[in-house]
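Written below as structure tokens is the structure these notes are about.
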Amino acid sequence: MKRPIELVADALLKSKYLIALTGAGISAESGIPTFRGKNGLWRKFRAEDLATPEAFSRNPKLVWEWYSWRISMILKADPNPAHYALAILEDMGILKAIITQNVDDLHERAGTKNLIKIHGDILTAKCTSCRYTKKLDSPPNELPPKCPNCGSLLRPGVVWFGEPLPKKELDATFINASKADGILVVGTSGVVYPAASIPLIVKERGGFVVEVNIKPSNITQIADFFIQGKAGEILPRLIQIINNRLNVDRDDRGG
């Protein structure tokens, strides 16, 4: 009898349009705290004090201090084996797109090309008045930073609570979900919408759902396969099994 991870490998190899949805859990293995876990950021700070337009209006310096701390943490972190495994799946032509709820740059640094960041990018600052944006390679020196074009305050380029998701990224997300015959869900709690609806869309279209997580989530009940454990350990094993399958297939075809 095949193990669950072997059945997942078979499903991925048969898929014609596989997508992935990643959440904070995949970056937690790189040392970036999740928001809702045991050491989650929201345990230390209330979200409404830091991650809303109202909070920024009340105290932009405090908000930027918190985001500067997070930027420093992200820049010191490295992609982990789970990030690299997904990039390899993409290079193999099996994975077509990654939709991430994360605002860090670890997927990019691991080599992912087709990445949809639905919650924005913490390493971008954007003007609150004009269209100026700036890519950050370090926390801003001045807090809060100001726009060099118009003098207004810059804000982190992330989606705050109560704000709509960026239309371009949202459209790309649902286009990919409408094409997908399978989805690999990694390290998300499945409680934040509309991201949590993406596996449902794939499932309703007759596609399969694979979840990799350290514990059951809101996605688990609709998952065709649930593999419990660290993504940084499970996904490289999955790549190894897929490679073995492909090598056997090549041998059977005589090279």
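The values are calculated or read from the model by the stated rules, or taken from the named source; none is laboratory data. Computed from a predicted structure; not experimentally measured. Glycine also receives a Cβ, built like all others from the backbone with ideal geometry; neighbour counts cover every protein chain displayed.
Only residues that are at pLDDT below 95 and either at positive phi or not hydrophobic (A, V, I, L, M, F, W, C) (or both): list them for the stretch 2-28, please. Steps first, please.
Kept after step one, since they are at pLDDT below 95, are these residues of the stretch 2-28: 2-4, 24-25, 28.
Passing the criteria: Lys2, Arg3, Pro4, Gly25.
Within the stretch 176-189, is there a residue that is surrounded by 12 or more Cβ atoms within 10 Å (Cβ to Cβ) and without any contact (Cβ under 8 Å) to a residue 12 or more places away in the chain?
no
What is the number of the single condition among (1) outside the structural domain of Ala196 (by TED's automatic domain parsing); (2) under 30 Å from Ile214 (Cβ atoms) that Pro145 does not meet?
Against the list (1) outside the structural domain of Ala196 (by TED's automatic domain parsing); (2) under 30 Å from Ile214 (Cβ atoms), Pro145 comes up short only on (2).
Please name all residue pairs, on different chains or six or more residues apart, with Cβ atoms under 8 Å, provided the first residue is in the stretch 1-29 and is without any contact (Cβ under 8 Å) to a residue 12 or more places away in the chain and the second residue is in a helix (DSSP H, G or I) and not aromatic (Phe, Trp, Tyr).
Filtered contacts from the stretch 1-29: Lys2/Asp10.
Is it true that some residue in the stretch 216-231 is loosely packed, with under 13 Cβ neighbours inside 10 Å and assigned by TED's automatic domain parsing to the domain that holds Ile88?
yes
Kindly state which strands (runs of 3 or more DSSP E) lie completely within the stretch 87-130 and contain at least 3 residues that are out of contact with any His (no Cβ under 7 Å at 6 or more places or on another chain) and of a type outside the set (Ser, Thr, Tyr).
Those strands (runs of 3 or more DSSP E) span 95-100, 120-127.
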